[in-house]
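K.L.:
Pasting a structure below so you can have a look.
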Amino acid sequence: RTWLPKLLGDKPKDYTVRIWIPGCSTGEEVYSVAMVLRECLVQCRRDCQVQIFGTDIDERAIETARTGAYPSNIVADVSPQRLKRFFTKQGDVYRIRKDIREMVIFASQNLIKDPPFTKLDLLCCRNLLIYLDPELQKKLFPLFHYTLKPGGLLFLGSSESAGGFQDYFAVLDKKWKICQRKETVATAVVDFPPPGLTRTSNEKEAATEARKVRPGVLPELVTRLLLDEYSPACVVINEKAEIHYIHGRTGKYLEPAVGQANLNIVDMAREGLKFELSAAIRKARRQEKDVSYRDLQVRSNGGHQRVNLTVKPLREPENLRGMLLVVFEDMGPLRSAETGKTPIRLPALQRQRVNELEQELKYTREHLQTTVEELETSNEELKSTNEELQSTNEELQSTNEELETSKEEMHSLNEELTTVNAELQSKLEQLTHARDDMKNLLDSTRIATIFLDNNLCVKRFTSEANRVINLIPSDLGRPISHIVSNLKHEALVEEVEQVINTLVPRETKVQSKDERWYLMRIMPYRTVENVIEGAVITFVDIQLLQEQIRSAEQFRKLSAAAAPLFQFIEGAMETTREPLLVLDATLRVIMASRRFYQTFQADSAGIEGRFIYELSAGAWNIPRLRELLEEIIPRNSHFEDFELEHDFPGMGRKRMLLNARRIVYEKDAVSMVLLAIEDVTGSA
Ligand SMILES: C[S@@+](CC[C@H](N)C(=O)[O-])C[C@H]1O[C@@H](n2cnc3c(N)ncnc32)[C@H](O)[C@@H]1O
């Protein structure tokens, strides 16, 4: 809030603010500085260019910094306003916006060994010095001084300080560790790595002292001296022709290029050197051998300089492979006789020809210059397109990674679903089997069953049920009260409600409109969890039972009432030669003649009181015979010579003729059936 506006305050419109952040780790500090600077520029209404270099020794940290993507927990550190203004939310991550990302260049760099960034307005070196030993720290402050422009700011971490380097820096803010470069100490040319950065006279004396005491360093110093004095100026460049290292004084051959700061050697080459330098670099790179140009005339400081230029591809040491060494050999200034300014006497025709050729050469040079500039422009455009493509590629890559992750998640989800599906399938099969079993059980019991829910709507019913209540499949879901019943029983709905409310089962004998008797049982419907979910009504057909009870009752009455008659009949039957049976109204045997017992090998205990169709292993259980016998009492009918053929137990196959008629005992109006059986086996 205080120092940045001051730093930016007096800068011209097209000024480029240069900031270096060494040890930037994964980039949070760099983007923070970029955001603060952007806010500051808006606040000061300035329109400067900003170039922030974020460097770190850790390549992976730099890779992360380049992505500009941070997890959602940054909300704890970044204000909502800044999050909204400078980030875009992409799923779980916050990605820094393009305009902020474009302010920053990330590179891997070792602060101790690699050349520094220079001409800086601000250097943020926070929480890195604390990891370095004091000796190294001592060497880095002069380096920081060298890299900053006059008035440039140094921003340190909270536990670091520039104390002990008062010659280099003035402390502006003790709390926030903000210092400013001082101009009281001279900055020497940086020879990197930093041992000899800026040497004060005291340091020189100290060095002389050291020389005296330690003669071991002598060869190294001599080599250094020879290199400084006699070796030509040279520059190490990378494959993009960007300067990495400068040895000796190169000012006669190179000068900073106009426009945005850059380290391209061809851009920096002085007049007379550009084309040859560019060609030599291209050739040396292509052919992988040394390329030399001799006696080039380079324009410098108003005069001309003769230079031998050599470009040498480096193969050794390993870490310099792929780089090029550009050597400038100073051949002294060009004498005026050599500049071509002294006219040489030539015949007029040749002079004219030389003039023409010079003119053509000038034109060709200009043309070439234009072509080179166009090429450079298109090269720049290509570069920026390439950068865009690279960033698109990075985005695509990260999208791809996200897709890969989602694909894997989908895959595992799919596997889980397949397992669940298989389990469900087997459960479904078990359920189908259970349902089939249940249906068969219910059908086989022939018990009409109706399942109702709590609202007394029909949930399910067995096929028998529609004999009692007129149910059809489309009645499922309808209230039972809406369905027409075949019962002579009005209170069904109330009784079901009562069972659901009291949970006390209920049993009632009910009769249908077709005179059949059912035992109606209403029970609450309990789930496995013991929850009541409606009721179950069953109707057991007790018609037969009722009839048996009735006939047993009648039989009992008849036996008591007709005792004298039975004595008479018994006597009469003993005298007949035919087997005789006396049956009651329900066709139960009241008595049988002695002949019957003999013929059919039966005894009275085995037949009295039993239905006729149960006797002789079902020999008399013939529907037509039964029909005729059942009609005798109600219709007062009779039949004669009903023929039947059957395998009688212990008798073999026999043919019989049957005659039957009603006997009435007037006193109590008791009716019976007398059945005479004649064995006609063998007769025609
Ligand atoms: C504690 S972090 C500081 C990060 C950041 N400046 C901050 O204050 O949040 C120190 C960083 O310095 C980097 N570092 C350590 N030695 C270095 C060196 N010689 N050159 C460049 N970076 C170095 C480490 O990789 C690490 O990322």
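K.L.:
Rounded to the nearest 500 deg cm²/dmol, what is the calculated helix-only ellipticity per residue at 222 nm for the chain, with -39500 (n - 2.57) per DSSP H run of length n ≥ 4? Write down the numbers at each step before the final one.
P.N.:
Working: 17 runs with 265 residues, N = 684.
Computed mean residue ellipticity for the chain: -13000 deg cm²/dmol.
K.L.:
Check each of the trypsin sites (Lys or Arg not before Pro) in the range 92-128 and keep only those in coil by DSSP with at most 12 other C-beta atoms within 10 angstrom; list them in order.
P.N.:
Lys113
K.L.:
What are the ³J(HN,Hα) couplings of the range 157-173, residue after residue, when phi is run through the Karplus curve with 6.51, -1.76, 1.60 and θ = phi - 60°? Round to Hz, x for glycine and proline.
P.N.:
For the range 157-173, the Karplus curve yields x, 5, 9, 10, 8, 9, x, x, 10, 4, 5, 9, 9, 9, 7, 8, 9 Hz.
K.L.:
Give, as ranges by residue number, the residues of the range 59-100 whose backbone N falls under 19 Å from the point 7 Å along Cα→Cβ of Leu396.
P.N.:
It comes to 67, nothing else.
K.L.:
Measure off 7 Å from each Cα along the Cα-to-Cβ vector at Thr223 and Asp290, then give the distance between these two points in nanometres to one decimal.
P.N.:
2.0 nm
K.L.:
So if each residue of separation counts as 0.36 nm, and I subtract the Cα-Cα distance between Glu640 and Leu657, what length gain in nm does that give?
P.N.:
Here the segment from Glu640 to Leu657 would lengthen by 5.3 nm.
K.L.:
Additional query: As a test of the definition: which semi-axes, in Å, follow for the chain when you take the square root of five times each eigenvalue of its alpha carbon gyration tensor? Largest first, please.
P.N.:
128, 31, 24
K.L.:
Explain nothing, just compute: Karplus ³J(HN,Hα) = 6.51 cos²θ - 1.76 cosθ + 1.60, θ = phi - 60°, for every residue of the range 293-306 in order, whole Hz, x for Gly and Pro.
P.N.:
For the range 293-306, the Karplus curve yields 10, 10, 6, 7, 9, 9, 7, 8, 6, x, x, 10, 10, 8 Hz.
K.L.:
To continue, here is another question. What distance in nm separates the two pseudo spin-label positions at Ser683 and Lys149, each 7 Å out from Cα along the beta-carbon direction?
P.N.:
14.8 nm
K.L.:
What does the charge count around Tyr131 come to, taking other residues whose C-beta lies under 13 Å from its C-beta (Lys +1, Arg +1, Asp -1, Glu -1)?
P.N.:
That sum, taken over residues with Cβ under 13 Å, equals -3.
K.L.:
If eta is 1.567 mPa s and T is 4 °C, what Stokes-Einstein diffusion coefficient results for the range 231-342, Kirkwood Rh from Cα pairs, in µm²/s?
P.N.:
Here the translational diffusion coefficient equals 90 µm²/s.
K.L.:
Right, next: Just tell me which lysines come within less than 24 Å, Cα to Cα, of Lys84; anything on the same chain fewer than 8 places away is out.
P.N.:
Lys98
K.L.:
If you find the alpha carbon centre of the range 101-123 and of the range 398-467, how far apart are they in angstrom?
P.N.:
67 Å
K.L.:
OK, next. Roughly speaking, what is the centre-to-centre gap between the range 351-368 and the range 157-183 when only Cα atoms are used, to the nearest Å?
P.N.:
Spelled out, the Cα-based centre of one part sits 59 Å from the other.
K.L.:
May I pose another question? For the chain, with only Lys/Arg (+1) and Asp/Glu (-1) charged at the beta-carbon, what is the dipole magnitude about the Cα centre, in debye rounded to 20?
P.N.:
Values: 92 positive and 102 negative charges, 714 e Å.
The calculation lands at about 3420 debye.
K.L.:
Check the straight Cα-Cα distances from Lys513 and name the lysines below 24 Å, setting aside those fewer than 8 residues away within the same chain.
P.N.:
Lys488
K.L.:
Lysines within cross-link reach of Lys283: Cα-Cα under 21 Å, excluding same-chain residues under 8 positions apart?
P.N.:
Cα-Cα hits under 21 Å: Lys240, Lys274, Lys312.
K.L.:
Starting from 0.36 nm per residue, how many nanometres of slack lie between Lys362 and Lys175 once their C-alpha separation is accounted for?
P.N.:
Contour length minus Cα-Cα distance gives 61.1 nm.
K.L.:
Assuming R0 = 56 Å, can you tell me the calculated FRET efficiency for the pair Glu416 and Gln297, based on Cβ-Cβ distance, to the nearest 0.05?
P.N.:
0.10
K.L.:
Measuring from label point to label point, each 7 Å out along Cα→Cβ, what is the Gln430 to Arg60 span in nm?
P.N.:
My value for the distance between the label points is 4.9 nm.
K.L.:
Amide H of Met591: which non-local residues (sequence gap of 5 or more, or other chain) have their own amide H closer than 5 Å, using H built in the peptide plane?
P.N.:
HN-HN under 5 Å from Met591: Val582.
K.L.:
Fully extended, how many nm does the chain gain between Val528 and Cys44 (0.36 nm per residue separation, minus their Cα-Cα distance)?
P.N.:
Going from the current span to full extension adds 166.5 nm.
K.L.:
Which value, in Å² and to the nearest 10, is the accessible area of Asp114 when all protein chains are kept and the probe is 1.4 Å?
P.N.:
60 Å²
K.L.:
Still on this structure: If you take the beta carbon distance between Asn127 and Asn386 as r and set R0 to 41 Å, what does 1/(1 + (r/R0)^6) give as a FRET efficiency, to the nearest 0.05?
P.N.:
E between Asn127 and Asn386, to the nearest 0.05, is 0.75.
The values are calculated or read from the model by the stated rules, or taken from the named source; none is laboratory data. Being a predicted model, the structure only gives us computed values, none of them experimental. Note that each Cβ is placed from the backbone with ideal geometry, even for glycine, and that neighbours are counted across all protein chains shown. In case anyone asks, the SASA skips ligands and DNA or RNA and just uses the protein heavy atoms, side chains included. Shrake-Rupley method; radii C 1.70, N 1.55, O 1.52, S 1.80 Å.
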